[in-house]
Amino acid sequence: MATSIVVVGVGGQGVLTLARWIGEASLSEGYDVRIAEVHGMSQRGGSVEVHVRFGKVVYAPIVEEGGADYVVALEAVEAVRAFKYLKPGEVLVVNKRVIQPPGRWISEEELLGSLQRSGVKTYIVPAADVARELGSVLYENAVMLGFLSQLLGLPMPPSLDDRNREAFRRGARLFV
Amino acid sequence: MRLLLLGNEAIAYGALASGLAVATAYPGTPSTEIVETLVEFRDRFVHWASNEKSAFELAYGAAVAGARSLTAMKHVGLNVAADPLHSAAYTGVEGGFVIVAADDPWMHSSQNEQDTRWYGVQAYVPVLEPSDPLEAYKYVKLAFDLSEKLRHPVILRSVTRVSHVRAPVEVEPPAPPKWGRFTRDVKRFNLVPANARELRKALVEKWEKIAELSADFITVEGSGDVFIVTTGVAYNYVKEALSRLRLDATVVKLGMSVPVPRSLRNLVGGEAVVVEEGDPVVEVQLRSLGVATRGKLDGYFPRYGELDTGKTALGLSKALGLPYSPPQPPKPPIEPTPRPPSLCPGCPHMATFYILRLATAGLSPVWSGDIGCYSLGINLGQQDLITHMGSSVGLGAGIAVAGKQFVVATVGDSTFYHAVIPQLIDVASKSIPLLIVVMDNAYTAMTGGQPSPSRAIPVEKITEALGLPTFVIDPVEVKKSVEVVKKAVEIVKSGRPAVVVSRRPCALVAVRKARRAGLQLPRYQVDPGRCTGCGLCYNLLRCSAIYRWPDGKAYVDPALCVGCGVCAEVCPFNAFKPEGRREAWLELWQQA
Ligand code: SF4
Ligand code: SF4
């Protein structure tokens, strides 16, 4: 059986990189991996969605609606959009960050509150805050990766640079 | 070497290991990374062509001369190259010639869904279909060998979920490029009717032979009296659906989906379920062999969109009368707000659209658009038609002659060279009143920033040679540009065509270069004391770094602003204030 993860966020947040890191980490554990990326249109500040599947053998490159063991969101509005991928009873991991979609303002409390009350097991990770402490919001994907490594039981992927390693470790410590 | 490669990268490495000498392409999602990967290899001839036809011809010519060559494009790109494709089947080639076409089911980044395999059927060119990056790597090599053995072009059909999927691929080192030398053969390479008639007969015979060879590409797995014929990416969904349905079946996977071998009829015993991504191309061929199929033709699988494991399991269960209940996903707690793709902060197109709106105020123009980042002008209500590469000037001219409407045709530089020059010749020779705006950002930006010919061959050299009055503007100078564009508008109002070239490189490329050069970009901020909440910047200019704060005032996200300063030019209340200096940045940007 393969583990199916849908990673979402907004173009420019490093969604592709986060997905690739999860892939590298699972590969280094000896798993087979498929990562279905999106290119082109969706990178212009729009919604980005990448599917990662790893396991002993993996065939299908994409996750169907109702088929994800984990939805990992770098942004909370996108977490709502990707909700449909969750398997009944499975896990949502969401970065505590809202990037306002054009033409509408949604409050962070309302958004995160509704996710927490949704009945789905939800982890809210202050990855953006930790990343800012480290000097740039650009590290938020590495913080999320650290958190996920604990949740998924995966090692740190070999390709991280020093700053991202630090971000990874901080993320891992957020998991309790 | 085991690498986590995209399908497209795997195709490139497979070609290198096959002794590729010549590679050409016009960038287009989902095919771009093939030649993007090859560009790094300087011992081969690798070229971003002005369009797919030109790319195809270059590679085809090289193969005619005996070199191993590859041309890559997206599905709709093959339409542009369809003319030489059909001729290539008649003449054949000497060196291996592989045409990679990447289909985009469910149109993640395309104007239509189209199944390249029909071109294989129509042009008599065999189609190989890998199911994942590992196979993509292997099949390129098979395609080169097959092409050289048959002296015939071969299509490698990919889809988004092969091209843009990453998987661990074992890669061999590149083989030395195999170049060639043209040998004269007038009867073979001159498609005048007398020769073409002979070649046509030979082609039909060859096709029968190829159909037999197609059997070599079949793999059979599993057992049971249920036969499932599948190909390409669909194979993966079949594998997972079978275990989900706990079904034993014989899975017949076609590595070559066009043409299918006659022997398939005996293999499946005259009856099969067909699972394929795209149109029912294999299914139609099987029916013509007299196989009773269940697939897309009778509605067991959807005729649009992408397959996945769920749809495949559902289709199989319906076709075979098995019980199956798909998983029920939980309902989201609130309605998700749409977040459409938008122009990047500081994108020069954003300013150009704004300038055009001011300069054509009161004319309510028809906005005849085209394919590229500026397609996102749709969010601004400034793209009324976008149908294919070159539609801006082509359809725009038709609308202008049909009635008395004022038409603005907006086109990027890459598309200009790709698909608009012949139309411009018609517009100029008939003097059709049309405002043509070439948004010259020096790159094919939508696909990630491949260089366009714009520096080497400036747009205005071409339009002026056609006798079209041409004005060049820098869109960050908003006020000055509006005055210049108004002059062009007057010409069009008087019944003649005019051209505006709006020149400033892609902001995404420029920002990347500035970061590398260590340049600190200026940033703009809103003085809340001055901002009246008029909304001009976030409603009309629509820079995506500017938000509307709940109190109606503007707010600039400092992480997104790239310091173009257009907002400051636009704001009537002088509310935008820069931090840092703009001159050096604008200078470097223009050179990007
Ligand atoms: S990639 Fe370049 S051209 Fe495209 S929207 Fe961004 S800045 Fe504009
Ligand atoms: S300077 Fe103004 S218009 Fe340009 S990117 Fe920044 S906020 Fe947007």
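The values are calculated or read from the model by the stated rules, or taken from the named source; none is laboratory data. Treat the numbers as computed from the prediction; the structure is a model and nothing was measured. Cβ sites come from the backbone with ideal geometry, for glycine too, and all protein chains shown count toward neighbours. The accessibility values were calculated without ligands, DNA or RNA, using every heavy atom of the protein model including side chains. Shrake-Rupley method; radii C 1.70, N 1.55, O 1.52, S 1.80 Å.
So, of the residues in the stretch B:328-383 that are aliphatic (A, V, I, L, M) and more than 16 Å from ligand 1 (Cβ to nearest atom), which turns out to be nearest to the other protein chains (Cβ to nearest Cβ)? This residue is B:334.
Checking B:433, B:341, B:336 one by one, the residue that is touching a Leu at 6+ places or on another chain (Cβ under 7 Å) and in a loop (DSSP other than H, G, I, E, B) is B:341 and no other.
Against the numbered list (1) closer than 27 Å to residue B:3 by Cβ; (2) within 14 Å of chain B (Cβ to nearest Cβ); (3) modelled with pLDDT of 95 or more, residue A:122 comes up short only at (1).
Suppose the filter is in contact with a Leu (Cβ under 9 Å, 6 or more places away or on another chain), within 11 Å of ligand 2 (Cβ to nearest atom) and modelled with pLDDT of 95 or more; does residue B:526 pass it? When the stated conditions are applied, residue B:526 does not pass them.
Let's see how each residue does on (1) at the interface with chain B (Cβ under 9 Å from one of its Cβ atoms); (2) out of contact with any His (no Cβ under 9 Å at 6 or more places or on another chain); (3) assigned to a loop (DSSP other than H, G, I, E, B):
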{"position": "A:35", "(1), (2), (3)": "yes, no, no"}
{"position": "A:63", "(1), (2), (3)": "yes, no, yes"}
{"position": "A:81", "(1), (2), (3)": "yes, yes, no"}
{"position": "A:90", "(1), (2), (3)": "yes, yes, no"}
{"position": "A:93", "(1), (2), (3)": "no, yes, no"}
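For residue B:154, the conditions (1) more than 14 Å from chain A (Cβ to nearest Cβ); (2) in contact (Cβ under 8 Å) with a residue 40 or more places away in the chain; (3) within 16 Å of residue B:74 (Cα to Cα); (4) open to solvent by 10 Å² or more (accessible area, probe 1.4 Å) all hold with the exception of (4). Determine whether residue B:389 is crowded, with 23+ Cβ neighbours inside 10 Å and assigned to a loop (DSSP other than H, G, I, E, B). Taking the combined requirement at face value, the residue satisfies it.
Of the candidates A:23, A:45, A:40, the single residue that is farther than 27 Å from residue B:234 by Cα and at the interface with another protein chain (Cβ under 9 Å from one of its Cβ atoms) is A:45. Checked against the criteria, residue B:568 does not count as more than 10 Å from ligand 2 (Cβ to nearest atom), out of contact with any Gly (no Cβ under 7 Å at 6 or more places or on another chain) and at pLDDT 95 or above. For the stretch B:418-448, name all the residues that are surrounded by fewer than 21 Cβ atoms within 10 Å (Cβ to Cβ) and within 16 Å of ligand 1 (Cβ to nearest atom). Hit for the stretch B:418-448 is B:448, nothing else.
Taken together, B:23, B:67, B:12 contain a single residue that is under 23 Å from residue B:108 (Cα atoms) and in contact (Cβ under 8 Å) with a residue 12 or more places away in the chain, which is B:12. Restricting A:145, A:151, A:86 to those that are more than 9 Å from chain B (Cβ to nearest Cβ), closer than 22 Å to residue A:50 by Cβ, under 15 Å from the mean Cα position of the chain (by Cα) and buried (at least 23 other Cβ atoms within 10 Å of the Cβ) reduces the list to A:145.
Report, by residue number, each residue of the stretch B:221-240 that is polar (S, T, N, Q), closer than 20 Å to residue A:62 by Cβ and in contact with a strand residue (DSSP E or B) (Cβ under 8 Å, 6 or more places away or on another chain).
Matches in the stretch B:221-240: B:230, B:231.
For the stretch B:157-177, which residues satisfy the criterion of being within 14 Å of chain A (Cβ to nearest Cβ) and among the β-branched types (Val, Ile, Thr)?
Correct list: B:159, B:160, B:162, B:165, B:169.
Only one of the numbered conditions (1) touching a residue at least 24 places away in the same chain (Cβ under 8 Å); (2) crowded, with 22+ Cβ neighbours inside 10 Å; (3) not basic (Lys, Arg) is not met by residue A:64, and that is (1).
The helices (runs of 4 or more DSSP H) located wholly in the stretch B:178-292 that include 3 or more residues which are within 14 Å of chain A (Cβ to nearest Cβ) and touching a residue at least 24 places away in the same chain (Cβ under 8 Å) occupy B:234-245. Restricting the stretch B:27-48 to residues that are open to solvent by less than 10 Å² (accessible area, probe 1.4 Å) and without any contact (Cβ under 8 Å) to a residue 60 or more places away in the chain leaves a set whose member that is nearest to residue A:41 (Cα to Cα) is B:35.
Output yes when any residue across the stretch B:513-521 is open to solvent by less than 30 Å² (accessible area, probe 1.4 Å) and within 16 Å of ligand 1 (Cβ to nearest atom), and no when none is.
Yes, the conditions are met somewhere in the stretch B:513-521.
Within the set of pairs 6 or more residues apart or between chains, which connect a residue that is outside the structural domain of residue B:474 (by TED's automatic domain parsing) and aliphatic (A, V, I, L, M) inside the stretch B:562-579 to a residue that is open to solvent by 20 Å² or more (accessible area, probe 1.4 Å) and within 7 Å of ligand 2 (Cβ to nearest atom) with Cβ atoms less than 6 Å apart? Listed pairs, sorted by first residue: B:562/B:345.
Restricting attention to the stretch B:539-553, does a residue exist that is within 29 Å of residue B:394 (Cα to Cα) and crowded, with 18+ Cβ neighbours inside 10 Å? Scanning the stretch B:539-553 turns up at least one residue that is within 29 Å of residue B:394 (Cα to Cα) and crowded, with 18+ Cβ neighbours inside 10 Å.
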